[in-house]
Amino acid sequence: HGCDWKLIFKKYFHGNRSLRAISNKWKQFKNESWSKEEDKLLFDLIKEHGMHWKKISKLMNRSHDSVSKRYEKVTHEKCEKREKRLTYRDRKKYNLYENYDELQKLIDKYGRDWTKIAKIMNRSKNSVLKQYLFMEIGQKLLK
């Protein structure tokens, strides 16, 4: 039914609730918290289907927006955790300040598509991500 509130109103609520109440309830439902099992399922489905949010949202019975935003949030949280664990040895191992300008230009062009950037730079996704995190740490320290 999508967000056809009038159809939902007629078919399921028989006039017992206002359209606004139904719409608000949907927004609450859509923004419910995620369990660890749902996070695991989300990443399993991404491995299986790629980032096809429409398909994944149907399989998870969640909105397209909710699924894609959850992926971004969890991924960002993982990056923050990794950032805290990086050491000087990591920086030396991966030559993380090498190609700073090239990486910055690719991030400006492709955003955080680490797979694409890694391919262009002929490096692993993990190596590129670590370089990015060190760039971010360096910028924070300069402020």
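The values are calculated or read from the model by the stated rules, or taken from the named source; none is laboratory data. Just so it is clear, the model here is predicted, and its values are computed rather than measured. Don't worry about glycine lacking a Cβ; one is built from the backbone with ideal geometry, like all the others, and counts go over all protein chains shown.
Summary table
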| item | result |
| --- | --- |
| Any pair with Cβ under 7 angstrom, 6 or more apart, that starts in region 58-84 at a residue that is more than 12 Å from D39 (Cβ to Cβ) and ends at one that is surrounded by fewer than 12 Cβ atoms within 10 Å (Cβ to Cβ) and at pLDDT 85 or above | H64/K54 |
| Flag for S57 being modelled with pLDDT of 85 or more, surrounded by 12 or more Cβ atoms within 10 Å (Cβ to Cβ) and small (G, A, S) | yes |
| Wholly within region 91-143, helices (runs of 4 or more DSSP H) carrying at least 3 residues that are at pLDDT below 75 | 125-142 |
